[in-house]
Structure formats: C-alpha cells, structure tokens
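The values are calculated or read from the model by the stated rules, or taken from the named source; none is laboratory data. Everything numeric in this text was worked out from a predicted model, so none of it was measured. Neighbour counts are summed over all protein chains in view; Cβ atoms, including those assigned to glycine, are modelled from backbone coordinates with ideal geometry. We work out accessible area using only protein heavy atoms, side chains counted, and drop any ligands, DNA or RNA first. Shrake-Rupley method; radii C 1.70, N 1.55, O 1.52, S 1.80 Å.
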Amino acid sequence: MNAPPDKAPPASPHTASAPLADSAPLAIDARGLTRRFGDFTAVNAITFDVRQGEVFGFLGANGAGKTTAMRMLIGLLEPTEGSAIVAGVDVVHDADAVRRRIGYMSQRFSLYDDLTVQENIRLFGAIYGLSDARIAERSEVLLARIGLLESRKELVRRLPLGWRQQLAFSVALLHEPQVLFLDEPTGGVDPITRRVFWELIYETAAAGTTVLVTTHYLDEAEYCDRLTIMVDGSIAVAGSPGEVKRALGVTTLDEAFLHLTRPAAAT
Amino acid sequence: MSDDPRPSAFSASTPAGAAGRDDAIVLHELSHAFGDVHALRDVSLRVHAGELFGVIGPDGAGKTTLFRIVTSLVVPSQGSAQVLGLDPVQDFRALRRRLGYMPGRFALYTDLSVLENLTFYATVFGTTIEQGMRIIEPIWRQLAPFSDRRAGALSGGMKQKLALCCALVHAPDLLVLDEPTTGVDAVSRVEFWELLGRLRDGGLTILVSTPYMDEAGRCDRVALMQEGRVLAIETPAAMAASYPLPLFAVRGHDRLAMLAALRASPHAESVWPFGEVLHYTDTRREVQPGALAREIGELLTTRGVRDVEVQPIAANVEDVFMRMAQTPHVAPGQERAA
C-alpha cells in the first residue's frame with residue numbers, strides 16, 4: 001500500500017484479467033471486442049473480464065468509446081470483430097438471451113413520469129415477462145428496500161429526483177438480472193443522494209449481482225473493485241484503483257484520468 | 001449591517017434590493033412558482049461587476065429558473081431583479097443586447113455549419129464576426145479548423161466552445177452560462193473553466209451554474225442552492241472555513257467496516273465516502289483534533305481494520321453542502337444506513 005510508485009508492480013496495460021487466485025465465475029468476458037463505423041474505429045479490440053459480484057468502473061472521456069462498448073455488451077449493437085460472453089451468453093449469437101439476463105439503467109432513468117410507482121413496476125414487469133404474482137413479490141422486496149412502499153400510488157414525476165433514481169435502479173433489478181449496467185446513474189444528483197445510491201450498488205453487488213458502471217465523478221471510481229479507463233477506443237489502463245494509481249505514479253484517480261486523457265483531449 | 005466597519009461596494013448606504021455602483025446583478029427576495037411547484041423561494045444575492053460567480057446545486061435546485069429570470073426569459077412571481085442596472089421585466093430589450101446567454105441545451109442550429117452559426121448570432125446582435133473577434137479569438141482558434149463542419153457533427157467539447165463563441169460574439173457585459181460542464185468529462189471541464197477564468201481576467205462578469213461541487217474553487221464567490229433556496233453565499237475559502245466541527249480523512253483496508261464502525265460511534269455527526277477516504281465529522285469541538293484522531297484510529301484498529309490513518313483536514317465545499325442540505329431525498333424508513 002505504501003510502496004513508492006516506481007517500485008510497485010504495474011497494472012496490466014491492456015487487459016484487466018482477474019487474479020488467478022479468485023475463482024469467482026466470470027460475469028463478463030470480452031475478447032478483442034471491436035466496432036467500426038465506416039473507417040472510424042470506435043472500439044478497438046478491447047479485452048477485459050468482470051467477476052461475478054464485482055463493482056466494475058468503466059471510465060473514459062466523452063467519445064472514448066464507452067457507450068459503444070456498453071451497447072455491444074448489452075446486445076444492442078453487433079461487434080465488427082471479437083467476442084463477449086455476458087451472463088454466460090454469447091452477445092453475438094444470442095443477443096435476445098443476453099437482454100433477458102441483464103438490467104440496464106441509463107442516465108435519464110427511463111421511467112414513465114405520468115404513471116405511478118406501482119404502474120411503472122407493473123409495466124416493466126410485464127415487458128420482462130414476469131407473472132403477476134412474481135411482480136407483486138418483487139415489487140414488495142424492492143420498494144421496501146428503498147423505503148418507497150408508502151409512496152407506491154404517487155405519480156413518478158411528483159417524486160424527488162433521488163427517489164426517482166432509486167426507483168429506476170429497482171426497476172432495472174425487477175427480473176433479477178445477473179449483470180446490471182449503469183450508464184452515468186448519478187449525473188446531476190446531489191452529493192448525499194449520490195452516496196446513498198452507491199450504498200445501494202454495494203448491497204446489490206454483495207448479494208451477487210455484478211455491476212458495471214460509468215461515471216464522470218472520479219471520486220466514485222474509487223468505490224469500484226476494479227476499473228478500466230478507455231482512451232480513443234482502447235483500454236489504456238486497467239486494475240483496482242490502487243493498481244491504476246501505482247502504475248501511473250499518481251496519488252488520485254483524478255490525476256490518473258488527466259494523465260491519460262489530456263493528450264487525447266487536446267486533438 | 002450598519003456596524004460593519006469594512007469598506008464595501010454594497011455598504012449600509014445601499015438599500016436592500018438597490019444596485020450599488022459595482023453590482024452587476026442584484027436579486028431581492030425572488031420567488032417563483034410553476035403551478036404548485038416552488039422553483040425559487042426567497043432568493044437574494046448580489047453579483048459584483050467583474051466577478052466569476054458560481055451557483056452550485058443539484059438538479060431541481062432552481063438554478064435554471066434563477067438564470068431565466070436574470071436573462072429576462074421568466075417573469076418572477078415575487079421579488080425584484082436588477083441586471084446591469086436594468087429591470088429584466090421592463091427593460092428586457094435593452095438588457096438582452098448586453099447579455100450573453102448559454103442555456104443548458106446549447107442553442108445551436110445543428111444543420112448549419114460552425115461558421116454559419118456564428119455568423120447568424122453576430123447578425124442577430126447587429127455585429128460581425130470581425131468585430132467580435134477581439135473577445136472570441138482564443139476560443140475561435142480551436143474551432144476554426146472545423147468551420148465548415150455541421151454543428152450537429154461536432155464533439156461535445158467543440159459544441160460547447162461554439163456555443164460559447166455564439167454567446168460572446170456581440171461583446172456582452174454579462175455572460176450567463178447554465179450548466180456548461182454537465183455531462184462533460186473531467187478533462188474538458190478543466191479546460192472550460194480555464195477559458196472562463198481568462199474571460200473574467202479580461203474584465204467580463206460571469207454568472208455560471210454547475211452541479212459539480214469540485215468546480216466551486218474556480219469561482220470568486222459561490223451560492224449553494226438546494227430545492228429553490230440559497231443555503232450560503234461566500235468565497236470558496238470562507239465557505240470551507242465556516243465548517244463548524246472537527247473533520248477527519250480516514251483511510252484503512254476495509255471501507256465498509258470503517259463506515260459501520262464510525263457510524264455506530266456516539267460522537268459521529270456524519271460519515272461519508274469521499275473517493276479513496278472517508279470524511280468523518282465528530283460532534284466534539286472542544287477536544288483537540290490530534291487527540292480525536294488518535295481515539296478514532298484506536299477505535300478502528302480494535303474493530304480489526306488494518307492500515308488505519310486518521311488525519312484532521314479542512315472541509316471542502318462538498319462537505320459544507322452536505323452538512324447544510326436537509327435530507328428529504330432519503331425516503332422515510334430508509335435511514336437504515338445511518
């Protein structure tokens with residue numbers, strides 16, 4: 001922990017492979033994943049894996065390729081080359097099966113404002129193909145956890161932002177996905193709500209759900225078990241927050257991020 | 001305050017709500033409601049000429065409504081405003097000629113080229129790009145290579161710079177920017193704030209909002225807002241110094257165990273994750289910080305946490321905001337974590 005940066009072992013520069021000692025099964029296994037649009041390579045042969053139950057940070061500047069990579073991992077975009085196994089399913093050959101096994105929450109929360117809390121849950125439950133009994137059971141568990149049982153008949157647009165955010169998170173977990181993708185879930189929310197939300201992420205991961213999260217708040221990147229920073233379509237560095245900082249000889253992830261992306265941003 | 005001995009641009013001789021000589025913006029007891037939603041509640045503040053003034057708060061704090069009143073786009077339900085010595089309701093035409101406004105969703109024409117957008121804004125304000133170049137030159141230099149590209153095809157950072165050029169081309173006396181850095185990555189945010197700093201150094205008055213607490217230090221003074229109210233107005237340094245209780249940065253090998261142990265302490269006011277450390281606030285202001293730090297360290301070590309380090313630290317603006325903010329966003333029955 002206190003080793004000087006130059007003596008520390010470097011984090012592997014291009015891949016984030018799990019230490020062999022950890023036998024947890026892989027929730028995401030991406031190999032050489034590539035996406036080109038015309039002659040532009042948005043994602044360039046990225047290789048990384050995420051273990052079951054990990055909180056994995058997916059960082060990079062705007063335009064670095066994070067969203068394109070995430071869209072391939074959730075089965076919305078076909079890779080040009082390479083492969084990815086997500087929740088045990090090949091995203092290239094069985095995108096539909098991947099989508100049933102993952103949850104996704106975007107920065108805009110994707111709830112229906114003019115429906116009540118309960119109606120949103122029923123709607124998304126039906127879309128996921130859950131039975132009425134199952135929807136009732138799951139909504140009880142999830143709403144109790146975020147303290148919204150009393151407010152189930154409220155219109156979503158009447159809820160404070162922080163509650164809407166936690167509700168969107170719960171809806172993404174309705175069908176008990178194995179892997180949860182969070183795309184900038186904390187943008188614009190206040191600092192206390194942001195931290196309460198991260199405690200929800202921890203609880204979820206501790207219960208066995210794998211979480212892959214993108215964020216522009218680099219203090220939040222410190223809360224991840226491992227992370228990658230993408231630059232111009234490639235993974236520039238990968239590892240635990242401590243490994244990444246030691247590899248780059250910096251003391252905060254903020255500095256790590258500036259160090260890696262400043263040259264790219266200048267062009 | 002009539003007994004305040006400090007010389008001040010807005011001394012006792014300036015009545016509340018009236019603009020002193022050096023005030024670019026004076027807002028007095030402004031309130032605004034949209035139906036039954038109270039967007040602003042009793043907001044008073046002054047922005048001095050030549051100041052880079054930040055309004056900091058999360059979504060729903062009222063920042064955009066406040067800026068729309070300042071820029072004459074919304075008539076407040078109650079209270080008064082003076083901007084550049086003008087009344088935004090009565091004198092809106094005169095005011096709009098002297099304002100540069102960059103709304104949160106950049107008002108660019110995506111089907112027009114970069115150059116066409118800039119030409120359009122210059123023409124609307126009765127000027128030319130050549131006349132505006134004195135102000136926009138440092139920003140335009142980065143955009144010029146893309147002058148023929150459609151605005152819709154620019155990267156986020158470049159769109160932001162073009163929107164800034166369009167807001168500045170008529171050499172306004174006041175620049176108003178609503179969340180220019182939201183959703184923008186850390187590197188581009190730093191560059192944008194450097195630009196704003198240079199514009200302020202050139203004499204421009206700037207009113208800017210952001211949800212990012214770490215940007216407060218870039219401003220001369222900041223107002224913290226939450227749910228329509230102003231919580232505090234200060235320089236960033238004075239705001240940090242106003243933190244009333246002993247605060248510590250705590251590190252160790254197990255963040256969750258430390259959170260649980262510190263929250264269980266009867267002397268804890270708050271414990272929050274803060275990047276790689278925890279920020280712990282103790283209620284005992286009468287005890288030496290060094291003694292408190294040793295005590296906290298021992299507490300954690302006896303709970304089995306290894307590599308414990310406890311350091312007394314100065315608060316930052318985020319600490320101050322979190323202490324001042326009420327917590328209505330935590331649902332009833334959800335204080336489980338506390």
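Below, the figures for the structure above:
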{"item": "Whichever residue in region B:90-101 is without any contact (Cβ under 8 Å) to a residue 60 or more places away in the chain, within 20 Å of B:ASP178 (Cβ to Cβ) and open to solvent by 50 Å² or more (accessible area, probe 1.4 Å) and, among such residues, is farthest from the chain's Cα centre (by Cα)", "result": "B:PHE92"}
{"item": "Pair list, Cβ under 8 Å, 6 or more apart: region B:144-160 residue under 14 Å from B:THR182 (Cα atoms), other residue open to solvent by 40 Å² or more (accessible area, probe 1.4 Å) and in a loop (DSSP other than H, G, I, E, B)", "result": "B:GLY156/A:ASN62; B:GLY156/A:GLY63; B:GLY157/A:ASN62; B:LYS159/B:PHE106; B:GLN160/B:PHE106"}
{"item": "Failed criterion for B:PRO266 (all others in (1) more than 10 Å from chain A (Cβ to nearest Cβ); (2) part of a strand (DSSP E or B) hold)", "result": "(2)"}
{"item": "Filtered residues of region A:143-152 (kept if surrounded by fewer than 20 Cβ atoms within 10 Å (Cβ to Cβ) and either closer than 25 Å to A:ILE74 by Cβ or under 20 Å from the mean Cα position of the chain (by Cα) (or both))", "result": "A:ARG145"}
{"item": "Residue within region B:141-160 that is basic (Lys, Arg) and under 25 Å from B:PHE67 (Cβ atoms) present", "result": "yes"}
{"item": "Single condition B:LEU256 does not satisfy, out of (1) open to solvent by 60 Å² or more (accessible area, probe 1.4 Å); (2) farther than 30 Å from B:GLU179 by Cα; (3) within 29 Å of the chain's Cα centre (by Cα)", "result": "(3)"}
{"item": "Residue in region A:101-111 that is open to solvent by 70 Å² or more (accessible area, probe 1.4 Å) and free of Cβ contacts under 8 Å to residues at least 40 places away in the same chain present", "result": "yes"}
{"item": "Subset of region A:50-65 (residues that are open to solvent by 20 Å² or more (accessible area, probe 1.4 Å) and closer than 12 Å to A:PHE181 by Cα)", "result": "none"}
{"item": "All positions within region A:153-197 that are among the acidic types (Asp, Glu) and crowded, with 22+ Cβ neighbours inside 10 Å", "result": "A:ASP190"}
{"item": "Boolean, B:GLY104 is under 27 Å from B:MET239 (Cβ atoms), assigned to a loop (DSSP other than H, G, I, E, B), open to solvent by 60 Å² or more (accessible area, probe 1.4 Å) and out of contact with any strand residue (DSSP E or B) (no Cβ under 6 Å at 6 or more places or on another chain)", "result": "no"}
{"item": "Among residues of region A:171-191, those that are touching a residue at least 24 places away in the same chain (Cβ under 8 Å) and farther than 26 Å from A:MET72 by Cβ, counted", "result": "3"}
{"item": "Residues of region B:139-179 satisfying the condition of being within 14 Å of chain A (Cβ to nearest Cβ) and closer than 21 Å to B:HIS48 by Cα", "result": "B:ASP178, B:GLU179"}
{"item": "Wholly within region A:200-267, helices (runs of 4 or more DSSP H) carrying at least 1 residues that are among the polar types (S, T, N, Q) and buried (at least 23 other Cβ atoms within 10 Å of the Cβ)", "result": "A:253-266"}
{"item": "Flag if A:GLY82 is on the phi > 0 side of the Ramachandran plot and in contact (Cβ under 8 Å) with a residue 60 or more places away in the chain", "result": "no"}
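The rows are residues; the columns are (1) of a type in the set (Asp, Glu); (2) assigned to a loop (DSSP other than H, G, I, E, B); (3) farther than 28 Å from B:GLY35 by Cβ.
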position: A:SER110; (1), (2), (3): no, yes, no
position: A:ASP113; (1), (2), (3): yes, yes, no
position: A:GLN118; (1), (2), (3): no, no, no
position: A:ALA126; (1), (2), (3): no, no, yes
position: A:ALA133; (1), (2), (3): no, no, yes
position: A:GLU140; (1), (2), (3): yes, no, yes
position: A:ARG164; (1), (2), (3): no, no, no
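Matching residues to (1) at pLDDT 90 or above; (2) in contact with a Gly (Cβ under 8 Å, 6 or more places away or on another chain):
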| position | (1), (2) |
| --- | --- |
| A:THR15 | no, no |
| A:ALA24 | no, yes |
| A:PRO79 | yes, no |
| A:ARG101 | yes, yes |
| A:SER110 | no, no |
